[in-house]
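The values are calculated or read from the model by the stated rules, or taken from the named source; none is laboratory data. None of these values were measured; they are calculated from a predicted model. Note: ideal-geometry Cβ built from the backbone for every residue, glycine included; neighbour counts use all protein chains shown. Note: areas computed on protein heavy atoms with side chains; ligands, DNA, RNA excluded. Shrake-Rupley method; radii C 1.70, N 1.55, O 1.52, S 1.80 Å.
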Amino acid sequence: TDHRCYHHSTQLRRLSTAPLKVHYSQTERSNMASQGPPPGMGPIMVLNSKTQRSQGRQAQLGNINAARAVADIIRSTLGPRSMLKMLLDPMGGIVITNDGNCILREVDVSHPTAKSMIELSRAQDEEVGDGTTSVIILAGEMLINAEPFVRTNIHPTVIVRGYNYALQEALEICEKLALVVDVNDVDKMKSLVQSCIGTKFSSRWNDTMIDMALKAVLTVSRAIPMPVGSDSYSQKMEVDIKRYAKVEKIPGGEISDCTVLSGVMFNKDVTHSKMRRRIENPRILLLDSPLEYKKGESQTNVEITDEEDW
């Protein structure tokens, strides 16, 4: 009996160490895949549990709808019959403007495509300075026109390739329509500036603003040295208005009181009633320290007995 028990336990040990092969049919495999991981093994979480994830057709259509929503915000601010937007910032201030970049800058969005559209407007404002509204509306319309192609199962890379062909054709047409502009031609330069800021102010002050903008830009502009043999068409101008042009806002007065000063302006208060308001040919002293009285950090008393010491 002991021998048989020993022999039986040996067979059990041998069966337990042998590899176990189980064959499943295709239907059983699909059922197991749909049921998830085996018992005792939880799902592997890579992203945050609150993260919303979309892919495929749903993500593409969601991006198009987000771009359409951003374009609809500023659509009514484009053109000669545009309307102003009244914005209320978190600090309680009110901003009234029809500039696309200024409006979108105050909008708080969470969709990544909407954020990309706002960044597109900001880049347009930094590189060109105008067309912030037009670039958003054009980008939104291009995505809206691509929606039917997406719904007919055309791959997005094919749609982008078509837009690249259209871009090359548009650049060739723009090159044919381009005109050489002389910056010294005041009338033609005014017509160009009118198309940029004509919708920014009331028609009553258009001429004043155009003259000030043109004078300010021509004051700080400088020609970049070009290689020998270059034609006048390739001459480039550097206009750094952020470093060399400053807009100083003083409460009171009207827009007609605005002017362009060829120099440096410091907005300082009058400290004494007998100070002169105008000085011809002054002597300028450059200091690296303020002229205001500085209060001591600790209580200090100074006693002077002689008038000459003061």
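Table for the structure above
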quantity	calculated
Some residue of the stretch 175-187 being of a type outside the set (S, T, N, Q), in contact with an Asp or Glu (Cβ under 8 Å, 6 or more places away or on another chain) and open to solvent by less than 70 Å² (accessible area, probe 1.4 Å)	no
Odd one out for Asp99, checked against (1) modelled with pLDDT of 85 or more; (2) closer than 25 Å to Arg243 by Cβ; (3) open to solvent by less than 60 Å² (accessible area, probe 1.4 Å); (4) not aliphatic (A, V, I, L, M)	(1)
Qualifying residue in the stretch 256-276 (condition: under 30 Å from Ile210 (Cα atoms), touching a residue at least 24 places away in the same chain (Cβ under 8 Å) and surrounded by 10 or more Cβ atoms within 10 Å (Cβ to Cβ))	yes
Subset of the stretch 237-255 that is exposed (fewer than 10 other Cβ atoms within 10 Å of the Cβ) and part of a loop (DSSP other than H, G, I, E, B) - its residue that is nearest to the chain's Cα centre (by Cα)	Val247
Matching residues, the stretch 289-310, being open to solvent by 100 Å² or more (accessible area, probe 1.4 Å) and not acidic (Asp, Glu)	Pro290, Leu291, Tyr293, Lys294, Lys295, Gln299, Asn301, Val302, Thr305, Trp310
Residue in the stretch 152-169 that is surrounded by 14 or more Cβ atoms within 10 Å (Cβ to Cβ) and under 12 Å from the mean Cα position of the chain (by Cα) present	no
Selection count where residues are free of Cβ contacts under 8 Å to residues at least 40 places away in the same chain and over 19 Å from Gly131 (Cα atoms), scope the stretch 180-194	7
Leu47 vs. criteria surrounded by 10 or more Cβ atoms within 10 Å (Cβ to Cβ), at pLDDT below 85 and not basic (Lys, Arg)	no
Any chance Leu87 is in a helix (DSSP H, G or I) and aliphatic (A, V, I, L, M)	no
Ser234 being more than 29 Å from Lys190 (Cα to Cα), of a type in the set (Ser, Thr, Tyr) and either surrounded by fewer than 10 Cβ atoms within 10 Å (Cβ to Cβ) or at pLDDT below 80 (or both)	no
Candidate set from the stretch 77-96 (those that are among the hydrophobic types (A, V, I, L, M, F, W, C) and in contact (Cβ under 8 Å) with a residue 12 or more places away in the chain); member that is least open to solvent (accessible area, probe 1.4 Å)	Leu87
Yes/no for Leu143 being of a type in the set (A, V, I, L, M, F, W, C) and open to solvent by 70 Å² or more (accessible area, probe 1.4 Å)	no
